[in-house]
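Trainee: Quick one: structure below, then a few questions.
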Amino acid sequence: MNDKVKILVGYDASPQSKKALNEAITIAKKFSGFIKVVSVYGRGFEQKAETSVIEVKESLKREKVEYEVELIQGSSPAKTLESIAKKENFDLIAVGSRGLGSTASMLLGSVSRDVISNAQCNVLIVKSQ
C-alpha cells in the first residue's frame, strides 16, 4: 500500500490554478503527500511557462512538501494530465475551474471538464472564490 498520497496539479498561473496548488499543498501536508505540478504550454511560450513556475517551486520549498515540477510543450493539457495521472498512478488531479484563456495559456475551463470526464482517478476542481 502506498503511504503517500500522490497529487497531480495542472498549473497555468491563473488565480484558479494557484488556488488548486494551495489546496494540493494542504492535502499533501495532511497526508504526507507528493505533488507533481505540470504546466502545459504552447509553442513559443516556453520562457513564460518557465517564469510562471518559479513562484510554484518557491512555495513548495517553503511549505516543505515533496514535489516535482514539469513543463510540457503541447496542445492538450487535459490529455497530458490524464496520461501522466494514469502512467504514474496519481491518486488525485487538482485543477482550477478556469484558466487564463487560449491566448495566454493552454489550461481552459474546458480542460477541467475533460479531466473530470476522462481521468481514472479522483479530481479536485478549485474555484477562485
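Every read-out reported here was derived from the displayed coordinates using simple, explicitly stated rules and does not represent laboratory data. Computed from a predicted structure; not experimentally measured. Note: ideal-geometry Cβ built from the backbone for every residue, glycine included; neighbour counts use all protein chains shown.
Trainee: So what's the back-of-envelope 222 nm ellipticity for the chain, counting only DSSP H runs of four-plus at -39500 (n - 2.57) apiece and dividing by all residues, rounded to 500?
Mentor: Helix contribution divided over all residues of the chain: -13500 deg cm²/dmol.
Trainee: Length gain on complete extension for the stretch residue 26 to residue 54, per 0.36 nm per residue less the alpha carbon to alpha carbon distance?
Mentor: 8.1 nm
Trainee: State the volume of the convex hull built on the alpha-carbon positions of the chain, expressed per residue in Å³ and rounded to an integer.
Mentor: Dividing the Cα hull volume of the chain by its residues yields 91 Å³.
Trainee: Considering the options 35, 125, 76, tell which one lies farthest towards the positive end of the dipole of region 6-126, charges being +1 on Lys and Arg and -1 on Asp and Glu at the Cβ, about the Cα centre.
Mentor: Looking along the dipole axis, the top candidate is 125.
Trainee: Which net charge results when you count Lys and Arg as +1 and Asp and Glu as -1 among the other residues whose beta-carbon is under 15 Å from that of residue 84?
Mentor: -1
Trainee: About the Cα centre of the chain, what is the dipole size in debye to 20, counting +1 per Lys and Arg Cβ and -1 per Asp and Glu Cβ, all else neutral?
Mentor: It comes to approximately 240 debye.
Trainee: Separate question: Would you work out the relative contact order for the chain, in percent, from Cα pairs under 8 angstrom that are 6 or more residues apart?
Mentor: 33 percent.
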